[in-house]
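J.: Handing you this structure, nothing more for now.
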Amino acid sequence: MSSNKSMRPILLTGHERPLTQVKYNREGDLIFSVAKDQHVCVWYSSNGERLGTYDGHKGTVWSVDVSLETEFVVTASADFSGILWNAENGKILYTWNFNSPAKRCELSPDNKFLFFLTDQAMGQVGTVKIFQLNTSDLSKQSDEPVLEILNKGDASIKPTVAAWSYGGKYIITGHADGSITKYDATTGEELNRVKAFKETVTDIQTSSDKTYFVASSKDQTSRLYDIDTFELLKEYLSDAPVNSACITPVKDFVLLGGGQDAKNVTTTAGGEGRFDCKIFHKIFEDQIGRIKGHFGPINCLSTHPDGHSFVSGGEDGFMRLHHLPKSYLDFQYEVEKTAEALQHQNNENPDALKVDA
Amino acid sequence: MTEVAEFDVNSVDLSSLDFSDLESKYNVKEENSLIDRCVLCDGAPIAPESKAPVLKKVLNKLFSQCGKIEDIYLPIEDGKTKGYLIIRYSNSIEASKAVNSLNGKKLDIKHRLLVNKLNDIEEFVLSGKISNEFEEPLFPKFKEIGYLNSWLIDNNVRDQFLINYDQSVGINWFRKNLENEPVIPFRNQWTSTYMKWSPKGKYLFSMFPQGVQSWGGSNFDRIHKYLHPGVRLIDISPNEKFLVTLSPEPIMNKLDLKPELRNDYPFKDEDIGKKLIIWDISIGLPVKTFALPPNLENTNRMPWPLIKWSYDDKYCARQGPDAIGIYETEKDFQLLDKKLVKIDGIVDFEFAPSGIKLANSKKDDPLDIILSYWTPESENQSAKVSVMNIPSKTILRTIPLVQVKDIKLNWNESGKYLCCNVTRHTKSKKSFFSNLQIFKLTEKDLPVDKIELTDLILNFKWEPKSNKFITISKIDKGEINNQSNIATSSSINTITIFDIEEVKVSNNSSLKKWVPLTNFSDSLNDIIWSPNGRFVILTSLNENLSKLKFYDVEFDGEKSKEQNKKVSSNLKLLKTNEFAGLTDIQWESSGRFVTAISSFWKTKINNGYTIYDCVGHILKEEHINSFKEFLWRPRPIKLLTNNDKKRVRKNLKEYAAQFEESDTMDTNAALRELILQRKKLLNDWKSYRSKTIEKLDKFIIKRKEIELEKVKTIKEVIIEENEEVIE
């Protein structure tokens, strides 16, 4: 473990183009990253050393996911394909071919299904394609999706991102017009649809139990929704487009990453692109800290399952791995301290007189 | 000037005027009228006419006790006396006396005399004012005072304090960094002089010319009045059961009072003329009265308290010439074993402030009550200090002392140690020096440690909740002859801190002895320990500008070189403050805060008070004209066990977080809003999460059931297939 005393990020240099997605495996010892440079990289999360790459895609890799036991990796690419990789040796187990770029892929929580989100381009309809995984022989997969959820409109409302809910019950999609939708993952029925943002949804990441999620948008905000009720829980206001947001385990924080679009940077006064990662308090909605470092917008964020570190991938082609200092982990609002102390005391001595504040 | 009208008295018709209101108003009954001098005695034996003269003689003898009898009328009818008689005294006072002393008197087993004034019979019975039907007396309605310890359950665990100034008394909550928050509105004329809390804070007493009143509950309602005209001094027993009052005015005879005061007069005939009263605080009635010992009748300097109490309020004692009287409070204040304890020449005595576990007592024995006293040197005898066990009155240990001028008995709060501060004179009797004799009561045979000094000790104080002590002393070169001017401020004194050093004598026993931790020179005279120990203020009261030096005796840091390495204490001067016109210092009972006071009663400069925290930072300053007194409300003994305390100490940060939050909320209204809002958000989030988790758990369980269901159906199908094969 590197020193936690000072927050010195580890710079992960391996990709040559902007990062598109980063993800930890369940144990958090490995980081999987994809970028516009066609490579899939895997890194040790403790020291940032690169373990290897998965080569085979012929275009931008938009999305990556890894199985619970880190047996296999699935990627979605702009080369109209999705690939199932053997995580250990990087061999291609299976390739799905589509008629448009695959923008997003994710394994269901039980790893029995996976979806690919194909782009509304080349005359195709933006679709979430759910496949059943043949787990007994990974190299023999079905080309036929068990369910297809088609976009019911033009490209202006096409789905951009998607995620599984708890138990694989629903699929949540974010759209180009800023709306978010919940579909039943077995019937494909549209259950909820909310116009959450003014601009396109850039990322959706769920909480560790997948009962609520944070969605981020180009409109400089990020919002927390409950999956069952689709109720807006919290809202976090940033000062730049948000490209990615994630919920930290252990601490009640939300990380927001983004920045001025690369193409607009030169037009911004003072050259300030606001490429920092912002830490918000999940419950109180206050920004409590920010971490600078990238010199391009942050495209993707992911936190370690134990909440002690996180990784950001930037438009600049770098990944920055942050091990959080103790002061960050110890930070508590007075009310949180008090609540914790009260709970502690009540647990220790349940008969004690309850002081009602 | 208006012209005076001509007025002819004769022209007014007096008969037409109604004087009845004036008549009733100025209707003065003639004293010593015939009827006033007569009493009616009923319940006398009914005797045959022949025995009537004998009866008359007997009754005459009985009634003549109360005064001179002018006549006895004993009516006789049908050859028998009628059982009642009328006695005429020479004046009405004698008649009243007869009613007071003989009413209810038993003549013999069968006959009980009922004596009333004839006048009263006339007024109440014959006039028909009083009906013959029994009317239940009206019981005064029970007055709800509320929970007397209510202040202890304050949510923020704040302290209360009382300030007495000008004509008003106020009781406030102490809030750090903030204006005082009144507990109740200021009250004018609440006391004629001073106020006093009971030792554990349950009651507040206020003084009036007619007596003392007790107050309590969350609104400080009046609980009782303790009628004692002219009361000057009061004292309260350690467990707040009894109140002692002293007045220079003797208790009056009920008959000498105005009639309207007689009804609720709580004193009996045997109380008349006494000056010292013990009251039961909870019922508000006197339980025992004492006359002043003759030697104190005309003294200017009244020693106080005159009544001393055992730690558990079970016994109280007072000193008389050559004796002490020990009274059992649970047996109607009877003298213990019905007699005084004779001690020739006794000068002073003191109860141990706690129950003591003596070395020879068994495990389940109750704690012992110990009393100590001393007697001076006489021609053939040395001076002696003795400790006595109560109620057995066995002397546990006596030590003889010579060349003694004075002895002060200083009990350690735990009762484990008794330090006798012995002032001795040199053989020439020109100068004085001190010895300390420390009894160790919990050890076998009560060993006594002796510390010999060349200095004269001016001041001695045990540390509360500990066994350290501080002395202030100086070398006497013969200029100190009079006790009263010992403490002259200009003199340089030596201040010494003593602590216990354990010296190993054998493998399993060690000897405890007191050794100086350190000493230094300073002009200070007064030692004021925090009630919880550890912190002490050294100062000089009643000077124009006093220094307050805050010391920590268990400083958590490097120990300076000049201090004794063999003992664990570590003395450190934390802060020096100055205060003009200092007359008193009052520690808050938990030892968190301390107040320096300048009282109008003793000085005219800088009247007011300043509150410091225990390390000497000023928290609050207030200057008030005619400021009289400042009193922290005492708290009862902590009920926490040592384990509880340890746990609190361990989690101190968590507690601190809570209190800091409430402090911030108090100081800033905007912050308060924010904190409350955050609290709500946090609680909302928590309830949202617990609901979601519950839902998720249900979902998972249902999922599993469905899976199981599927497995079952698959099995069933297979079995059916098997059956087909068999067919």
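J.: What is the Cα centroid distance between segment B:139-172 and segment B:509-584, reported in whole angstrom?
T.: A separation of 34 Å, based on Cα centres.
J.: Which whole-number percent is the relative contact order of chain A (Cα, under 8 Å, 6+ apart)? Could you put the intermediate results ahead of the total?
T.: Details: 972 pairs, mean separation 45.4, N = 357.
In percent, rounded to a whole number, it is 13.
J.: Let me confirm one metric for peptide B:677-687, namely the mean number of other chain beta-carbon atoms within 10 Å of its residues' beta-carbons.
T.: Taking all residues of B:677-687 together, the mean is 4.
J.: Which residues among segment A:204-219 fall inside the zone where the amide N is under 17 Å from a point 7 Å beyond the Cα of B:Lys691, along Cα→Cβ?
T.: Under cut-off, by backbone N: A:211-213.
J.: May I pose another question? Other chains near B:698-704: what is the mean number of their Cβ atoms within 10 Å of each residue's Cβ?
T.: 2
J.: To make sure I understand the rule: partners must be aspartates and glutamates, Cα under 14 Å from the Cα of B:Lys274, and not fewer than 8 residues away in the same chain. Which ones qualify?
T.: B:Glu249, B:Glu297
J.: Too long at a 18 Å Cα-Cα cut-off: which of B:Lys440/B:Lys572; B:Lys474/B:Lys561; B:Lys357/B:Lys393; B:Lys363/B:Lys444; A:Lys195/B:Lys680?
T.: Distance filter (> 18 Å) returns B:Lys440/B:Lys572; B:Lys474/B:Lys561; A:Lys195/B:Lys680.
J.: How far is helix B:652-667 tilted, in degrees, relative to the longest principal axis of the Cα atoms in chain B, given as a value from 0 to 90 rounded to the nearest 10?
T.: 60
J.: What pairs in B:Lys653/B:Lys686; B:Lys110/B:Lys254; B:Lys429/B:Lys549 have C-alpha atoms more than 26 Å from each other?
T.: Listed pairs above 26 Å: B:Lys110/B:Lys254; B:Lys429/B:Lys549.
J.: What aspartates and glutamates sit close enough to B:Lys646 to cross-link, taking a C-alpha to C-alpha distance under 16 Å and skipping anything fewer than 8 places away on the same chain?
T.: Partners within reach: A:Glu348, B:Glu654.
J.: Using a Förster distance of 25 Å, how high is the FRET efficiency between B:Asn300 and B:Glu249, based on the Cβ-Cβ distance and rounded to 0.05?
T.: Taking R0 as 25 Å, the efficiency between B:Asn300 and B:Glu249 is 0.90.
J.: Can you give the Kirkwood hydrodynamic radius for chain B, in Å, rounded to one decimal and based on Cα pairs? Before the final figure, lay out each step's value.
T.: Numbers: mean 1/r = 0.0303 Å⁻¹.
Evaluated over chain B, this radius sits at 33.0 Å.
J.: Whole angstrom only: what separates the Cα centroid of segment B:216-260 from the Cα centroid of segment B:300-343?
T.: The two parts, judged by their Cα centres, are 20 Å apart.
J.: What value, in deg cm²/dmol to 500, does the helix sum -39500 (n - 2.57) over DSSP H runs of n ≥ 4 give at 222 nm once divided by the residues of chain B?
T.: The helix-only estimate for chain B comes to -5500 deg cm²/dmol at 222 nm.
J.: So if I place +1 on the C-beta of Lys and Arg and -1 on the C-beta of Asp and Glu, and nothing else carries charge, what would the dipole magnitude of chain B be about its Cα centre? I want it in debye, nearest 20.
T.: On the way: 108 positive and 104 negative charges, 664 e Å.
Approximately 3200 debye in magnitude.
J.: What is chain B's relative contact order, in percent, from Cα pairs under 8 angstrom and six or more apart in sequence?
T.: 6
J.: Run the dipole for the protein assembly as shown about the Cα centre, Lys and Arg Cβ at +1, Asp and Glu Cβ at -1, nothing else charged, and hand back the magnitude in debye, nearest 20.
T.: The calculated dipole for the protein assembly as shown is roughly 4260 debye.
J.: What FRET efficiency comes out for the pair A:Val146/B:Glu673, r = Cβ-Cβ distance, R0 = 51 Å, nearest 0.05?
T.: 0.45
J.: My understanding is that a pair violates if its Cα-Cα distance is over 31 Å; which of A:Lys103/B:Lys704; B:Lys80/B:Lys105; B:Lys308/B:Lys559; B:Lys339/B:Lys602; B:Lys308/B:Lys450; B:Lys384/B:Lys461 do that in this structure?
T.: Checking Cα-Cα distances, A:Lys103/B:Lys704; B:Lys308/B:Lys559; B:Lys339/B:Lys602 exceed 31 Å.
J.: Please name whichever of B:Ile324, B:Ser96, B:Met207 sits farthest to the positive end of the charge dipole of chain B, dipole taken about the Cα centre and charges placed at Cβ: Lys and Arg +1, Asp and Glu -1.
T.: Comparing the listed Cα positions along the dipole, B:Ile324 ranks first.
J.: Over segment A:1-104, what relative contact order in percent results from Cα pairs under 8 Å that are six or more residues apart?
T.: Reported as a whole number, the value is 19 percent.
J.: Right, here's the next one. Which order do peptides A:178-186, B:73-81, A:53-61 fall in by mean Cβ count within 10 Å, highest first?
T.: Packing order, densest peptide first, comes out as A:178-186, A:53-61, B:73-81.
J.: Leaving ligands, DNA and RNA out of it, rank B:Tyr311, A:Tyr44, B:Tyr688 by accessible area with a 1.4 Å probe, largest first.
T.: Of B:Tyr311, A:Tyr44, B:Tyr688, the descending order of accessible area is A:Tyr44, B:Tyr311, B:Tyr688.
J.: Oh, and also: List the aspartates and glutamates whose alpha-carbon lies under 18 Å from that of B:Lys504, not counting same-chain residues fewer than 8 positions away?
T.: B:Glu443, B:Asp449
J.: Right, something else. Averaged over its residues, how many other protein chain Cβ atoms are within 10 Å of peptide B:656-665's Cβ atoms?
T.: 4
J.: Another question, then. Please report the spacing between the Cα centers of segment B:438-467 and segment A:103-174 in Å, no decimals.
T.: Centre-to-centre (Cα) distance: 87 Å.
The values are calculated or read from the model by the stated rules, or taken from the named source; none is laboratory data. All values derive from a computational prediction rather than experimental measurement. All Cβ positions, even for glycine, are placed from backbone atoms using ideal geometry, and neighbour counts span all protein chains on display. For the accessible areas, the whole protein counts, side chains as well, though only heavy atoms, and no ligand, DNA or RNA atoms are used. Shrake-Rupley method; radii C 1.70, N 1.55, O 1.52, S 1.80 Å.
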